[in-house]
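> Here you go, one structure.
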Amino acid sequence: MTEVILILLVIFGTLSLQFKKLLNAVICLAIFSLLSSLLFYYLHAPDVAIAEAAVGAGVATVLFVVIISKTRKEEK
Amino acid sequence: MKESEIVDMISRKLFPYILLFGLYLISYGHLSPGGGFQGGVVLASGVILICLSRGVSSAERVFPSRKLRIVEAEMFFLFLLMGAGGLLIGKYFLENFLPLGEAGEVPSGGFIFFLNIVIGLKVGAGIILICFYILKSKGE
């Protein structure tokens, strides 16, 4: 299970770097955060998993989406 | 921003339960996974939900940013005071000065419970303030 999550983490991290549209990149980053919180839970660190899910997938994604909607939509 | 009936209704119904979960994470931080920081972030995410569905102005009516600023600064001061309480009884900084309860109960672990509450309020107020300022800013 851990190996599958690690491979998915690499895939989504690369995708979020490669996307030219910033909204797609942010969604990939949110999936990356959720997967890494799942990985922390599997590695017996539920404390870090809660922090990662709340900050990475919740607050940071909302802030990124709001900031993108107020600035440019695509990478230069 | 266009208003959506579904998002409005769901966020209003979900808001008290998110706050309750945040308070649970804070108050059981010394017994189970969770703690001050995580609980504070969950508290803040509940308020952000209200911000996104009903607008910043209606969220700011319940949580005025002036009071949030005061809470954030006061909580840091309170944290330092509680840490200095350990110095007053002749031990180290952040030394426990309250009686230890029975293991496994909520009032166990001395003043860690109160430290968690202080940290949770500070982190929650800080993140709510960041989101207020970003949501209110005009952009480019």
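> Can you spot a residue in the stretch B:45-59 that is closer than 19 Å to A:SER37 by Cβ and either more than 16 Å from the chain's Cα centre (by Cα) or among the hydroxyl-bearing types (Ser, Thr, Tyr) (or both)?
The answer is yes, given that some residue of the stretch B:45-59 is closer than 19 Å to A:SER37 by Cβ and either more than 16 Å from the chain's Cα centre (by Cα) or among the hydroxyl-bearing types (Ser, Thr, Tyr) (or both).
> Just give me the residues in the stretch B:45-89 being within 14 Å of chain A (Cβ to nearest Cβ) and assigned to a helix (DSSP H, G or I), in sequence order.
The answer is B:SER45, B:GLY46, B:VAL47, B:ILE48, B:LEU49, B:ILE50, B:CYS51, B:LEU52, B:SER53, B:VAL56, B:ALA59.
> Specify which of the listed residues (B:ARG69, B:ARG61, B:ARG12) is open to solvent by 90 Å² or more (accessible area, probe 1.4 Å) and in contact (Cβ under 8 Å) with a residue 60 or more places away in the chain.
None of the other options fit; the residue is B:ARG69.
> Hey, any hits in the stretch B:108-131 for a residue that's assigned to a loop (DSSP other than H, G, I, E, B), within 12 Å of chain A (Cβ to nearest Cβ) and over 30 Å from A:PHE64 (Cβ atoms)?
Taking every residue of the stretch B:108-131 in turn, none turns out to be assigned to a loop (DSSP other than H, G, I, E, B), within 12 Å of chain A (Cβ to nearest Cβ) and over 30 Å from A:PHE64 (Cβ atoms).
> Another question about this same structure. Assuming B:VAL106 fulfils every condition listed in (1) within 18 Å of B:VAL123 (Cβ to Cβ); (2) of a type in the set (Val, Ile, Thr); (3) in contact with a His (Cβ under 9 Å, 6 or more places away or on another chain) apart from one, which condition is it?
It is condition (1) that B:VAL106 fails.
> Residues in the stretch B:28-44 that are open to solvent by 10 Å² or more (accessible area, probe 1.4 Å) and either touching a residue at least 60 places away in the same chain (Cβ under 8 Å) or more than 7 Å from every other protein chain (Cβ to nearest Cβ) (or both): how many?
7
> Which residue out of A:ILE67, A:ILE27 is more than 10 Å from every other protein chain (Cβ to nearest Cβ), open to solvent by 60 Å² or more (accessible area, probe 1.4 Å) and part of a helix (DSSP H, G or I)?
A:ILE27
The values are calculated or read from the model by the stated rules, or taken from the named source; none is laboratory data. What you are looking at is a predicted structure, and each value in this text was computed from that prediction instead of being measured. Counting neighbours? That spans all protein chains shown, and the Cβs are built from the backbone with ideal geometry, glycine included. These area figures cover heavy atoms from the full protein model, side chains too; ligands, DNA and RNA do not enter into them. Shrake-Rupley method; radii C 1.70, N 1.55, O 1.52, S 1.80 Å.
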